[in-house]
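What follows draws every value from the coordinates through simple rules; no lab data is involved. None of the values given here were measured: they were computed from a predicted structure. Methodologically, a virtual Cβ is constructed for each residue, glycine included, from the backbone with ideal geometry; neighbour enumeration extends over all protein chains shown.
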């Protein structure tokens with residue numbers, strides 16, 4: 001009995017020890033290769049850049065030995081790791097490549113191979129091309145800084161799928177097109193800077209009461225500003241196209257001006273659909289009425305023809321033949337028809 005209790009106690013102690021052991025993750029080798037390739041593309045194909053910054057795919061960047069809490073990376077200061085004890089310990093948390101003179105393009109597919117990435121800073125470089133739609137694969141991203149580059153094109157609508165996003169800075173680039181409406185549905189977004197670009201269209205209806213920073217000045221935006229401007233003043237909306245409206249900073253908007261171009265198009269198409277459906281229904285009713293009238297007139301004309309044939313030729317054979325061939329008589333109108341003949 002005593003031996004059994006001793007064994008049971010040893011098992012319990014072993015289980016407690018195992019449960020208290022820290023479980024660490026580790027970036028897969030293909031993830032490390034992808035990140036090195038990502039940096040090489042940012043550097044315009046210069047393979048030396050990754051080595052100069054300490055990005056080595058053969059080295060675990062987050063082995064837990066860097067700094068006081070394990071957040072410092074073996075890949076140098078451009079990478080930060082999750083702290084020891086965190087649920088994502090052993091994985092990359094931050095990539096900070098700002099102000100390095102990088103002049104290549106962004107490959108979001110390579111970047112988002114890192115599964116737990118939270119913060120990406122590429123600001124103040126010379127990056128070209130567009131902002132890829134593939135950023136939506138970085139589903140845990142909370143901060144994205146690409147300001148002060150030479151990026152162009154439209155912002156991808158997939159940015160609205162980054163539901164954990166808190167900060168988005170795309171200012172001082174050459175972006176154009178409309179600001180994605182889906183960004184106004186990202187509840188955690190509290191900082192958005194898109195100033196000094198070439199954005200067009202209207203501003204999405206952000207709830208600015210919760211925002212800490214917001215700036216869309218120096219673009220080609222028009223139409224109403226968001227209803228809840230909160231703490232923000234003229235300088236957040238200044239130097240845009242004519243037609244920007246909304247109190248208290250601008251004159252009141254005319255009714256219907258808050259409707260986006262896409263919504264207007266959908267509304268027009270809907271009304272056209274109703275008109276077309278109504279036209280089809282009316283045409284069908286008119287067709288049925290005309291068909292009924294034509295059949296009725298045709299039957300009367302045939303009756304007169306048969307009567308005329310009988311009166312002219314007195315041929316009962318021809319009369320009966322005409323009746324059978326033209327299906328003129330039913331049980332209901334048999335007597336009525338022959339009354340017409342007798343009265344003729």
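Counted residue by residue at 0.36 nm each, then reduced by the alpha carbon distance between them, the extension gain from residue 251 to residue 163 reaches 28.3 nm.
Expressed in nm to one decimal, what extension gain is obtained for the pair residue 205 and residue 284 from 0.36 nm per residue of sequence separation less their Cα-Cα distance? Don't jump to the answer; show the numbers that get you there.
Working: separation 79, 0.36 × 79 = 28.44 nm, distance 4.48 nm.
Between residue 205 and residue 284, full extension yields 24.0 nm more.
Across segment 22-257, C-alpha contacts under 8 Å between residues 6 or more apart give a mean separation that, scaled by the residue count, equals a relative contact order of 11 percent. Here the gap between residue 139 and residue 212, fully extended at 0.36 nm per residue and compared with their Cα-Cα distance, gives a gain of 24.0 nm. A Förster radius of 45 Å combined with the Cβ-Cβ distance from residue 231 to residue 68 puts the calculated FRET efficiency at roughly 0.75.
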